[in-house]
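**Student:** Mind looking over this structure? Questions follow.
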Amino acid sequence: MTTDFKVIAFVGPAGTGKSQRTHFIARQFGANYIIDDGLLIKDGKIVCGKSAKTEQNQVRAIRRALFEFPDHRIQVKKVLEKAAPCTILVVATSTDMALKICKRLSLPEPERYIYIEEVATREEIEQALRERHVKKQHVIPVAYVQVRRNFAGKVVGRLKTFWSAYVRGGADEAEKTIVRPPFSYYGEVEIGPYAIEQIARHVASLDSQVVEVKSVRVKTEDEGMVSISVSLIVKTGKYTFLEVGARVQRRIFVVLPLLTGLDLGEINVLIEGWRENNG
């Protein structure tokens with residue numbers, strides 16, 4: 001499959017104005033498709049995918065942009081398989097991110113990297129960064145009407161490039177949409193295993209029949225999912241030990257994704273010991 005594709009990467013830090021220039025770069029290098037923030041775009045229209053900017057929190061947004069969710073990734077891969085052979089422009093905040101996207105989508109490594117500094121002046125980059133930090137606004141390189149259909153945040157307005165008359169796809173391809181997502185991110189966010197362990201430990205301890213949380217083990221799976229194993233000492237009471245374990249499982253399953261945005265795999269609960277309830 002990889003031999004049917006040619007990949008160009010367009011790289012620059014978040015908020016430096018990449019999305020305003022993606023169509024210009026795509027035309028310059030003959031790219032048929034653009035991959036930007038979880039979307040597959042052709043001629044200014046969304047072909048498939050889901051924008052990272054529709055996510056409700058920062059962690060899920062980063063995972064969405066990296067195609068870590070299996071259903072999202074499979075959908076885009078199927079469309080690309082039918083489109084081959086073609087040239088794809090991958091928009092990323094770093095060379096490492098571009099490589100991760102290519103690997104996730106079974107694409108070859110980029111033949112060339114174009115950096116934002118090659119196509120924008122220092123003043124333009126600084127202005128874009130100010131806009132991002134002050135107004136918390138992002139640009140999605142598709143038409144306004146398409147974004148309004150499924151965007152979770154606030155759609156602020158439109159941006160049309162001055163060369164719209166010369167764009168292959170007409171006004172739709174030249175138009176960009178300015179949005180304000182439910183979150184804003186300015187760098188990498190990582191939730192360490194210890195933080196996950198502490199949350200799981202606290203949630204488990206809230207059950208009235210849990211006497212002690214003996215241990216919590218956190219394991220990260222290949223797809224970015226997290227599996228948790230919890231060992232408990234419980235006491236007799238209203239619920240059976242199996243019911244206590246199931247209650248702890250459910251609470252962790254609800255609370256942990258709510259606080260972290262992470263996807264959970266298995267939640268294993270071991271009743272390691274018990275005590276008589278003398279109360």
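**Student:** Take residue 212 and tell me if it is acidic (Asp, Glu), not assigned by TED's automatic domain parsing to the domain that holds residue 97 and not in a helix (DSSP H, G or I).
**Tutor:** yes
**Student:** So, one more: Suppose the filter is within 25 Å of residue 124 (Cβ to Cβ) and crowded, with 17+ Cβ neighbours inside 10 Å; does residue 95 pass it?
**Tutor:** Working: within 25 Å of residue 124 (Cβ to Cβ): yes; crowded, with 17+ Cβ neighbours inside 10 Å: no.
No, not satisfied.
**Student:** Can you say whether residue 79 is at pLDDT 90 or above, touching a Lys or Arg at 6+ places or on another chain (Cβ under 8 Å) and either at negative phi or assigned to a helix (DSSP H, G or I) (or both), as far as the supplied structure shows?
**Tutor:** Considered against the rule, which asks whether it is at pLDDT 90 or above, touching a Lys or Arg at 6+ places or on another chain (Cβ under 8 Å) and either at negative phi or assigned to a helix (DSSP H, G or I) (or both), residue 79 comes out as no.
**Student:** Just the residues that are assigned to a loop (DSSP other than H, G, I, E, B) and under 14 Å from residue 25 (Cα atoms), please, taken from segment 103-127.
**Tutor:** 120
**Student:** So which of 174, 98, 152 ends up being among the small types (Gly, Ala, Ser), within 30 Å of residue 225 (Cα to Cα) and modelled with pLDDT under 90?
**Tutor:** 152
**Student:** Would you please name the residue that is surrounded by the fewest Cβ atoms within 10 Å (Cβ to Cβ), looking only at residues in segment 220-240 that are of a type in the set (D, E, K, R) and at pLDDT 90 or above?
**Tutor:** Checked segment 220-240; the qualifying residue surrounded by the fewest Cβ atoms within 10 Å (Cβ to Cβ) is 238.
**Student:** Out of curiosity, is residue 43 more than 23 Å from residue 109 (Cβ to Cβ), modelled with pLDDT of 90 or more and assigned by TED's automatic domain parsing to the domain that holds residue 117?
**Tutor:** no
**Student:** Output the strands (runs of 3 or more DSSP E) that fall wholly within segment 7-63 and possess 1 or more residues being closer than 17 Å to residue 97 by Cα and touching a residue at least 60 places away in the same chain (Cβ under 8 Å), or say none.
**Tutor:** 33-36, 39-42
**Student:** Being part of a strand (DSSP E or B) and over 20 Å from the mean Cα position of the chain (by Cα) is the filter; apply it to segment 246-267 and report the residue that is surrounded by the fewest Cβ atoms within 10 Å (Cβ to Cβ).
**Tutor:** Here the residue is 266.
**Student:** Ok, one more. Out of (1) over 19 Å from the mean Cα position of the chain (by Cα); (2) surrounded by fewer than 22 Cβ atoms within 10 Å (Cβ to Cβ), the odd one out for residue 68 is which?
**Tutor:** (1)
**Student:** Then there is this: Does residue 61 satisfy the criteria of being surrounded by 16 or more Cβ atoms within 10 Å (Cβ to Cβ), in the same structural domain as residue 130 (by TED's automatic domain parsing) and under 12 Å from the mean Cα position of the chain (by Cα)?
**Tutor:** When the stated conditions are applied, residue 61 passes them.
**Student:** Moving on to the next point. Taking segment 113-126 only, how many residues are over 22 Å from residue 7 (Cβ atoms) and in contact (Cβ under 8 Å) with a residue 40 or more places away in the chain?
**Tutor:** Here the count works out to 2.
**Student:** Would you mind finding the one in 188, 197, 243 that is at pLDDT below 95, acidic (Asp, Glu), in a helix (DSSP H, G or I) and outside the structural domain of residue 70 (by TED's automatic domain parsing)?
**Tutor:** Checking each option against the conditions leaves just 197.
The values are calculated or read from the model by the stated rules, or taken from the named source; none is laboratory data. All of these numbers come straight from a predicted model, not from anything done at the bench. FYI the Cβ positions are ideal-geometry reconstructions off the backbone, even for glycines, and counts take in every protein chain you see.
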